[in-house]
Amino acid sequence: MNKLNFLQPDKNNLNNYLYTGTILVALSIFIVFLNSFFNKDLISFLPGTLSFFLPLILGFIGLHLIRIEYSGLKFLDSINKHINTNNFNAFLSLLIVFVVIKSLPPLLSWFILDANIAGDSKDVCTGTGACWTYIKIWFNRFMYGMYPNAEQWRINLSFIALAFLGTIGFFATEKFKKYLTLYYVVIYPVIAFFFIFFFISGGPIFFDFSYGIIAAVISIIIGFFIPSKFKMYYFIIVPITLYILLKYVFFYEELIELGKLEALEWVETGAWGGLSLTFIVSFFCLIFCFPIGLFLSLGRRSDFPIIKYFSIGMIEFWRGVPLITVLFMSSVMFPMFLPEDMFIDKLVRVIIAISLFEAAYVAEVIRGGLQALPRGQYDAAKSLGMGYWKMHILVILPQALKLVIPGIANTFLALVKDTPLIFVVGLLEIVGMLNLAKTNPEWLGFAMEGYVFASVLFFIICYAMSKYSYNLEQKYKTER
Amino acid sequence: MSDKIIQITEMNKWFGDFQVLKNINLEVEKNKKIVVCGPSGSGKSTLIRCINRLEEHQEGSIIVDGNELTADTKDIEKIRAEVGMVFQQFNLFPHLSILDNCTLAPIWVKKMPKKDAEDLAIQHLEKVQIADQANKYPGQLSGGQQQRCAIARALCMEPKIMLFDEPTSALDPEMIKEVLDAMVNLAKAGMTMIVVTHEMGFAKEVADEVIFMDEGMIVEKADTKEFFANPKSDRTKLFLSQIL
């Protein structure tokens with residue numbers, strides 16, 4: 001039998017070290033657990049400082065004893081490799097475990113055990129925990145802002161329809177795959193735009209939207225039977241003609257007579273709000289800022305001085321100004337430069353402003369990707385007879401964009417989290433609604449619940465986006 | 001006159017203040033194989049990059065297949081499509097499979113139907129013996145395989161002239177042979193080729209003419225046998241004595 005050396009545990013007495021060490025670590029965790037969950041202090045007889053640090057010391061010694069390299073036990077080896085590589089790491093691991101155990105009970109009690117969700121007034125919230133009743137009562141407002149309750153189905157329907165249209169790519173058959181890019185880059189944003197600005201907004205303008213959709217659908221169906229030679233002209237001429245016919249010849253007069261023009265109640269954008277507004281603003285800004293940023297980044301590398309300096313000017317201007325100023329200018333200053341009778345909706349102005357602002361960042365991110373490509377790729381593309389656009393679309397951009405997916409995701413996440421700033425122009429998305437709700441005299445004092453709720457929502461949105469970007473990265477990884 | 005596919009007269013080129021090419025005169029006839037050699041920094045690569053205008057020249061004229069290359073040349077892409085080029089660093093497109101690398105330009109530049117382009121690509125990949133790798137990505141191939149793919153990619157545009165810019169300099173000695181074999185086969189098939197290389201064995205085997213460049217000038221231009229047996233200038237003799 002080898003002598004036990006507690007300063008240098010080795011493989012010879014594996015079991016002895018293992019049992020002693022495990023018992024010590026388990027004991028230390030048990031003490032902290034009892035203390036934190038049941039408020040019992042097993043070691044209170046010891047002097048204050050010692051009883052405070054004893055679990056840490058016990059666990060530390062225990063971890064030291066089980067730190068045996070190549071013990072042959074898989075579980076032990078993986079622990080040693082990941083959390084117990086040396087004294088310092090063992091100490092950090094213990095500390096983290098203890099902090100988690102210590103902080104669980106208060107968190108649990110605030111979130112669940114002592115929280116209230118029943119009832120529908122402030123009075124039910126008597127416990128020391130969170131008052132989820134507040135969130136429940138205000139939920140509708142947090143989601144839809146001041147949008148009239150009776151009309152909220154329009155928002156739901158639009159979002160469901162857009163989500164469905166967005167997933168079409170997964171169901172596309174091989175034959176239609178090649179049109180997918182066109183669909184997502186051009187058609188989908190246009191449909192989304194019409195949906196949101198005409199359907200959610202409602203009013204007489206909604207009918208223009210319906211005519212547009214009908215014209216588009218009819219012309220697409222007929223379009224499949226048109227020889228590809230004429231498709232180009234066909235898709236320009238026919239939808240417009242159909243639209244004009246529908247609007248001015250077939251329906252317009254009749255509908256005015258029937259008095260049906262106001263079928264969808266008009267809801268001005270000032271009343272939109274809550275999470276749905278967060279989605280609307282983020283969605284459009286993402287869609288718009290990307291192509292603008294792309295063109296700016298290409299423009300900045302252009303050989304034509306006018307394009308080059310215009311792009312540099314745009315990028316540096318928008319990057320140099322705080323977002324809050326941009327929003328303020330878009331809502332206060334910009335209308336002054338417009339002719340008297342011209343009116344651009346506040347929400348549209350805000351979306352344009354944020355898009356331009358973020359486009360500058362996107363442009364610089366993409367430029368980073370463009371610069372990372374070796375010159376040989378340009379040479380090779382040129383030597384095969386490709387012009388500027390073919391070279392960029394087929395060779396350069398696919399590689400550059402793939403490189404900058406993390407950077408783009410970064411910018412997009414920042415954008416989503418910047419949307420609450422639109423409160424400066426009086427648009428209240430979810431955080432804005434929270435701020436409004438917390439100042440309601442009926443519901444004072446529940447700011448915490450509101451912010452926790454918003455944080456969770458934002459976290460879910462942003463985490464989903466970041467996961468998606470990571471998936472994209474993996475999907476397009478072709479090197480090695 | 002008509003079989004002179006490349007004509008360079010009195011061409012000068014500067015990078016900033018530094019003159020890289022001095023008074024270059026060169027005529028290449030159809031189906032001839034020219035090897036350009038010389039010490040590094042002598043302007044060999046710049047010379048052949050000028051031929052498909054990856055570099056611009058400032059003085060003199062370059063006429064490729066009857067079209068003069070100038071800043072005003074509108075359809076430079078058309079001329080480039082007729083001049084294939086193979087680079088030292090292969091420069092395959094890493095985001096595309098080998099097959100897609102070969103079909104990309106025929107489909108998008110020549111507007112060839114996809115099916116035809118793929119048949120053509122397979123045909124050329126077979127010639128360089130990597131048809132079995134067609135669905136892999138460049139990153140999965142060895143240097144020699146990548147370079148042969150680059151040759152196939154250039155051939156898929158069915159060029160009239162092929163330019164090689166030190167195609168074997170970035171390769172292991174073992175892989176050099178497979179690339180040179182592919183080039184020898186190409187030469188035997190009658191392609192017009194201009195090859196910048198240090199492989200004197202290759203030059204002896206296929207070249208009709210050898211050009212020796214130093215400090216941006218063509219020092220010597222002679223038939224291959226003449227060039228190796230009986231070099232005229234001292235600079236050439238020195239170079240050959242070091243490299244052979």
Test of the criteria: in region A:268-351, which GluC sites (Glu not before Pro) are in a DSSP loop and have at most 11 other Cβ atoms within 10 angstrom of their Cβ? A:340
How do A:287-296, A:102-111 rank on mean C-beta neighbours within 10 Å, highest first? A:287-296, A:102-111
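Using a 10 Å cut-off on Cβ atoms, rank the peptides B:191-197, A:128-134 from the highest mean neighbour count down.
Details: B:191-197: 23.4, A:128-134: 20.0.
Going by the mean number of other Cβ atoms within 10 Å, highest first, we get B:191-197, A:128-134.
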For a paramagnetic label modelled at 7 Å from the Cα of residue A:14 toward its Cβ, which residues of region A:70-96 fall within the zone defined by backbone nitrogen distances under 13 Å? A:70-78
Going through the DSSP H helices of chain A, which span 24 Å or more along their own axis at the Cα atoms while scoring at least 0.0 as a mean Kyte-Doolittle hydropathy? A:14-38, A:48-65, A:87-108, A:205-223, A:228-244, A:274-300, A:346-372, A:447-475
Among the lysines, select those whose C-alpha is under 28 Å from the C-alpha of residue A:102, and discard any that sit fewer than 8 residues away in the same chain. A:40, A:81
Cα-based shape type of the protein assembly as shown, given that a ≥ b ≥ c are square roots of the gyration tensor eigenvalues and the cut on a/c is 1.5: oblate
Among the listed pairs B:30/B:127; B:32/B:110; B:74/B:225; A:175/B:177; B:4/B:225; B:22/B:204, which have their C-alpha atoms separated by more than 32 angstrom in this model? B:74/B:225; A:175/B:177
So the angle from the long Cα axis of helix B:143-155 to the longest Cα principal axis of chain B, reported in degrees to the nearest 10, equals 90
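Using a Förster distance of 30 angstrom, determine the FRET efficiency expected from the C-beta separation of residue A:310 and residue A:165, and round it to 0.05. All intermediate terms of the calculation are to be shown ahead of the outcome.
Numbers: r = 35 Å, r/R0 = 1.16.
The pair residue A:310/residue A:165 has a calculated efficiency of 0.30.
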Residues meeting the amide H criterion for residue B:6 (H placed from the backbone, H to H distance under 5 Å, 5 or more places apart or on another chain) are B:28, B:65
Which of the lysines could a cross-linker bridge to residue A:438, judged by Cα under 27 Å and excluding same-chain residues fewer than eight apart? A:122, A:136, A:346, A:417
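What does DSSP give for the protein assembly as shown in terms of the percent of beta bridges that are antiparallel, rounded to the nearest 5? The partial results should precede the final answer.
Details: 21 of 41 bridges.
Approximately 50 percent, going by the DSSP bridge assignments.
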Taking 0.36 nm per intervening residue step and subtracting the Cα-Cα distance, what contour gain separates residue B:63 from residue B:215 on full extension? 52.4 nm
Treat each spin label as a single point 7 Å out from the Cα along the C-beta direction, and report the residue A:153 to residue A:222 distance in nm. 3.3
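Within a 10 angstrom radius of the beta carbon, how do A:329, B:200 rank from fewest other beta carbons to most? Present the calculation step by step, with values, prior to reporting the outcome.
On the way: A:329 14, B:200 17.
Least to most surrounded, the residues fall as A:329, B:200.
From the square roots a ≥ b ≥ c of the eigenvalues of the alpha-carbon gyration tensor of region B:62-147, which class results: rounded (a/c under 1.5), prolate (a/b over b/c), or oblate?
Working: a/c = 2.39, a/b = 1.71, b/c = 1.39.
Here region B:62-147 falls in the prolate category.
Does region A:11-113 come out rounded, prolate or oblate by the C-alpha gyration tensor, with a ≥ b ≥ c the root eigenvalues, rounded set by a/c under 1.5 and, if not, prolate when a/b is larger than b/c and oblate if not?
Values: a/c = 2.44, a/b = 1.68, b/c = 1.46.
Prolate, since a/c reaches 1.5 and a/b exceeds b/c.
Okay, helix-only estimate at 222 nm for chain B: each DSSP H run of n ≥ 4 adds -39500 (n - 2.57), divide by all residues, round to 500 deg cm²/dmol; what do you get?
Details: 9 runs with 92 residues, N = 244.
Helix contribution divided over all residues of chain B: -11000 deg cm²/dmol.
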Note: residue A:41 to residue A:470 extended length (0.36 nm per residue) minus current alpha-carbon separation gives 149.8 nm
Distance between Cα centroids, region A:27-42 to region A:103-151: provide it in whole Å. 32
Run the simple label-point estimate for residue A:70 and residue A:388 please: 7 Å along Cα→C-beta, distance reported in nm. 6.4
Checking the table B:13/B:44; B:111/B:160; A:74/A:467; B:44/B:78; B:115/B:188 against a 22 Å threshold on Cα-Cα, which pairs fail? A:74/A:467; B:44/B:78; B:115/B:188
How far is it, in nm, from the label point at residue A:372 to the one at residue B:238 when both lie 7 Å from their Cα along the line to the Cβ? 4.5
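Every number in this text was worked out from the coordinates using simple rules, so none of it is lab data. Being a predicted model, the structure only gives us computed values, none of them experimental. We place every Cβ from the backbone using ideal geometry, glycine too, and count neighbours over all the protein chains shown.
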